[in-house]
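The values are calculated or read from the model by the stated rules, or taken from the named source; none is laboratory data. Since the model is a prediction, treat every value here as computed from it, not as a measurement. Here the Cβ is made from the backbone with ideal geometry for all residues, glycine too, and neighbour counts use every protein chain on show. Ligands, DNA and RNA are stripped out before the accessible areas are found, and what is left, the full protein with its side chains, is counted by its heavy atoms. Shrake-Rupley method; radii C 1.70, N 1.55, O 1.52, S 1.80 Å.
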Amino acid sequence: MIRVENLVKTFGDVIAVEGVSFDVRAGEIFAFLGPNGAGKTTTIKMLTTLLRPTSGSITLDGLDPAAKPLDVRRRFGIVFQDPSLDGDLTAYENMELHGVLYHVPRRVRTERIQTLLSLFELWDRRGSRVKEFSGGMKRRLEIARGLLHTPKILFLDEPTLGLDPQSRNQLWTHVRHLNETEGVTVFLTTHYMDEAERVAHRIAVIDHGRIVAQGSPQDLKQQTGTESLEQAFLALTGSSIRDERVDGADQMRQMARMWRR
Amino acid sequence: MAVVYILWLREVKKYLRSRPQILASLGQPLMYLLAMGFGLGPVFQKAGQGDYLQFIAPGVVGMAVLFTSIFSGIGLLWDRQFGFLKETLVAPVPRLQIMVGRTVGGATVAMIQGILVLTVCLIAGFRPHGLASVPLALLFMALIAVVFAALGTVIGSTLRDMQGFQLVMNFLVMPIFFLSGALFPLADLPPALAVATHLDPLSYGIDGLRGALIGQSHFGVAVDLAVLGSVAVCFLALGARAFSKIQI
Ligand SMILES: Nc1ncnc2c1ncn2[C@@H]1O[C@H](COP(=O)(O)OP(=O)(O)O)[C@@H](O)[C@H]1O
Ligand SMILES: [Mg+2]
């Protein structure tokens with residue numbers, strides 16, 4: 001369903017994605033895991049026609065997003081990592097606008113908006129402007145909106161960031177249901193390893209713009225000789241905190257890993 | 001069509017929900033009208049040019065339409081900042097439709113603002129030379145609105161953040177206003193200024209408004225219509241092109 005080969009994206013001298021390759025099969029739930037700044041969102045932006053790759057190739061349902069953006073856009077839905085709601089519109093209006101943009105017929109639209117807003121406990125606040133919402137409510141609305149139409153491929157970029165456990169549970173139950181009943185292919189990122197372990201069929205771990213491991217949760221634990229996905233993840237990506245300069249020891253570890261491959 | 005309509009509706013709703021801003025944005029034209037209209041009136045009259053309030057009112061209406069439409073286009077920058085732009089850019093809809101919905105929405109808002117300012121002018125004592133002039137005046141307001149909403153779209157698609165905004169304001173929007181003949185007659189200008197006024201699309205808009213409302217026109221209403229219409233087509237094409245190239 002998605003095939004990525006040697007994908008590269010640079011911003012000036014920052015190399016955000018450095019030769020990434022992976023395959024996502026149709027009907028699969030695929031988790032793309034990595035520390036902050038690893039290149040996950042940049043990859044998703046290239047897959048979803050928001051950015052042009054510097055080099056490398058992407059095919060999504062047989063199509064190249066850079067060459068056929070509109071056809072590719074007809075095939076996916078996305079929940080962005082960053083806010084993308086219109087704060088001046090109400091929750092209902094945000095849903096409605098999305099439904100029109102995605103050509104959801106009016107009857108289905110009205111029905112699904114009610115179902116989803118109720119599911120994420122926003123129905124009572126449907127008439128309030130989104131800028132009056134709390135962070136968690138906005139996040140729930142983003143997710144409800146992302147689920148309004150049923151795409152072939154659903155991208156979820158850290159969808160559960162800032163959500164309470166109840167909403168998280170709703171989300172993953174719903175996503176699994178979509179995957180099982182409608183055969184929706186899911187491409188997700190998350191920092192919560194328990195979520196990835198719970199829903200993902202396969203996982204790719206990305207660090208510093210490169211894929212460092214791929215396989216089922218089971219495979220990754222075996223490859224690293226660890227008990228949990230969390231430990232496997234830390235073993236693969238080091239334990240230093242990102243978004244700060246990488247320290248010497250971590251750099252050594254990175255180098256060592258490069259050599260080993 | 002549904003897509004164009006809902007994006008148009010969004011612009012109009014956002015405008016109608018910002019009542020304090022609507023009031024605030026009436027302040028500037030009002031100040032020009034009163035300070036210049038009444039302040040410079042006697043000088044203007046002595047120079048044998050007639051009633052300055054009559055002369056400046058169409059200019060002030062044009063100014064309101066200019067500012068509102070160009071800012072609506074630049075609203076793209078806010079949508080980029082607050083993230084909503086992404087939502088429309090990944091939708092399975094030709095970007096042209098999105099751009100048209102936004103631009104026509106912005107132009108509509110600018111028209112409403114222009115009509116409000118025209119009403120204020122009427123209250124202040126402006127007297128157009130007949131009701132028949134109103135439809136033509138509305139047509140010119142619409143053309144000005146489309147031209148500059150499209151220009152705003154070009155700018156909003158090209159700038160990446162709010163930093164370029166001040167630059168655009170000082171070196172593009174203000175010159176467009178001041179060189180348009182909104183405040184002074186276009187006849188007998190020094191050559192350099194004459195060239196500049198001829199290059200400014202707003203000159204034709206305000207000249208057309210004057211032609212419609214007070215029956216005084218420098219270029220002739222037909223020329224004004226032709227020039228503005230062509231500029232509108234060009235700017236819409238440029239706006240569509242710039243919008244289709246946005247990356248995030
Ligand atoms: N528009 C941009 N300009 C410059 N650098 C960017 C831009 N977008 C992302 N980056 C950089 O690319 C790297 C990867 O970012 P991102 O893909 O957002 O990571 P992740 O989603 O895995 O946290 C980071 O170092 C980030 O700072
Ligand atoms: Mg990210």
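Going through (1) more than 14 Å from every other protein chain (Cβ to nearest Cβ); (2) within 22 Å of A:Glu28 (Cβ to Cβ); (3) within 16 Å of ligand 2 (Cβ to nearest atom); (4) not hydroxyl-bearing (Ser, Thr, Tyr) one by one, A:Gly146 falls short only on (1). When region B:1-13 is limited to residues that are open to solvent by 50 Å² or more (accessible area, probe 1.4 Å) and either in a helix (DSSP H, G or I) or under 13 Å from B:Gly106 (Cα atoms) (or both), the one that is farthest from the other protein chains (Cβ to nearest Cβ) turns out to be B:Trp8.
Can you tell me which residue among A:Arg126, A:Arg145 is touching a His at 6+ places or on another chain (Cβ under 6 Å) and modelled with pLDDT of 95 or more?
Details: A:Arg126 fails: touching a His at 6+ places or on another chain (Cβ under 6 Å).
Answer to the selection: A:Arg145.
Taking region A:74-88 as the range and being in contact with a helix residue (DSSP H, G or I) (Cβ under 9 Å, 6 or more places away or on another chain), within 7 Å of chain B (Cβ to nearest Cβ) and either in contact (Cβ under 8 Å) with a residue 60 or more places away in the chain or not polar (S, T, N, Q) (or both) as the test, the residues that pass are A:Ile78, A:Phe80, A:Asp82, A:Pro83, A:Leu85, A:Asp86, A:Gly87, A:Asp88.
Looking at A:Leu70, is it crowded, with 17+ Cβ neighbours inside 10 Å and either part of a helix (DSSP H, G or I) or not basic (Lys, Arg) (or both)? Even if it seems obvious, please write down each step before you answer.
On the way: crowded, with 17+ Cβ neighbours inside 10 Å: no; either part of a helix (DSSP H, G or I) or not basic (Lys, Arg) (or both): yes.
No, not satisfied.
The listed residues are B:Val109, B:Val43, B:Val65, B:Val61, and the only one of them that is part of a helix (DSSP H, G or I), within 14 Å of another protein chain (Cβ to nearest Cβ) and more than 30 Å from A:Phe76 (Cβ to Cβ) turns out to be B:Val109. Taking region A:119-205 as the region of interest, the helices (runs of 4 or more DSSP H) fully inside it that hold 1 or more residues being in contact with a Leu (Cβ under 7 Å, 6 or more places away or on another chain) and closer than 23 Å to A:Tyr92 by Cα are A:135-146, A:165-177. Within region A:82-100, if we keep just the residues that are farther than 15 Å from A:Leu147 by Cα and open to solvent by 10 Å² or more (accessible area, probe 1.4 Å), the residue that is nearest to ligand 2 (Cβ to nearest atom) turns out to be A:Asp82.
Residue-wise test of (1) surrounded by fewer than 21 Cβ atoms within 10 Å (Cβ to Cβ); (2) closer than 24 Å to A:Ile29 by Cα; (3) touching a residue at least 40 places away in the same chain (Cβ under 8 Å); (4) away from chain B (no Cβ under 14 Å).
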| site | (1), (2), (3), (4) |
| --- | --- |
| A:Arg106 | yes, no, no, no |
| A:Trp123 | yes, no, no, yes |
| A:Gly135 | yes, no, no, no |
| A:Glu142 | no, yes, yes, no |
| A:Leu171 | no, yes, no, yes |
| A:Thr181 | yes, yes, no, yes |
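Can you find a residue in region A:190-200 that is more than 14 Å from chain B (Cβ to nearest Cβ), within 16 Å of ligand 2 (Cβ to nearest atom), surrounded by fewer than 18 Cβ atoms within 10 Å (Cβ to Cβ) and closer than 22 Å to A:Phe80 by Cβ? Yes, that holds for at least one residue. Any chance you could count how many residues in region A:35-64 are within 17 Å of the chain's Cα centre (by Cα) and away from ligand 1 (no atom under 13 Å from the Cβ)? Looking only at that region, the number is 3. The set of residues in region A:18-34 being under 19 Å from A:Ala196 (Cβ atoms) and more than 7 Å from ligand 1 (Cβ to nearest atom) consists of A:Val20, A:Phe22, A:Asp23, A:Val24, A:Arg25, A:Gly27, A:Glu28, A:Ile29, A:Phe30, A:Ala31, A:Phe32, A:Leu33.
Working carefully through the options A:Ile78, A:Ile113, A:Ile58, find the one that is among the β-branched types (Val, Ile, Thr) and in contact with a Ser or Thr (Cβ under 7 Å, 6 or more places away or on another chain).
Working: A:Ile113 fails: in contact with a Ser or Thr (Cβ under 7 Å, 6 or more places away or on another chain); A:Ile58 fails: in contact with a Ser or Thr (Cβ under 7 Å, 6 or more places away or on another chain).
From the options A:Ile78, A:Ile113, A:Ile58, the qualifying one is A:Ile78.
Of the listed requirements (1) more than 29 Å from A:Arg198 (Cβ to Cβ); (2) near ligand 1 (Cβ under 9 Å from one of its atoms); (3) touching an Asp or Glu at 6+ places or on another chain (Cβ under 8 Å); (4) of a type in the set (A, V, I, L, M, F, W, C), A:Ile15 misses just one: (3). Residues in region A:52-63 that are in contact (Cβ under 8 Å) with a residue 40 or more places away in the chain, within 13 Å of chain B (Cβ to nearest Cβ) and more than 16 Å from A:Met1 (Cα to Cα): 2 in all.
Applying the set (1) free of Cβ contacts under 8 Å to residues at least 60 places away in the same chain; (2) away from ligand 1 (no atom under 16 Å from the Cβ) to A:Gly162 leaves exactly one unmet item: (2). Among the residues here, A:Gly27 qualifies as part of a loop (DSSP other than H, G, I, E, B), out of contact with any Lys or Arg (no Cβ under 8 Å at 6 or more places or on another chain) and either in the same structural domain as A:Ala213 (by TED's automatic domain parsing) or crowded, with 23+ Cβ neighbours inside 10 Å (or both). When each of A:Ala66, A:Ala38, A:Ala16 is tested for being within 16 Å of ligand 2 (Cβ to nearest atom) and within 14 Å of another protein chain (Cβ to nearest Cβ), the lone residue that passes is A:Ala16.
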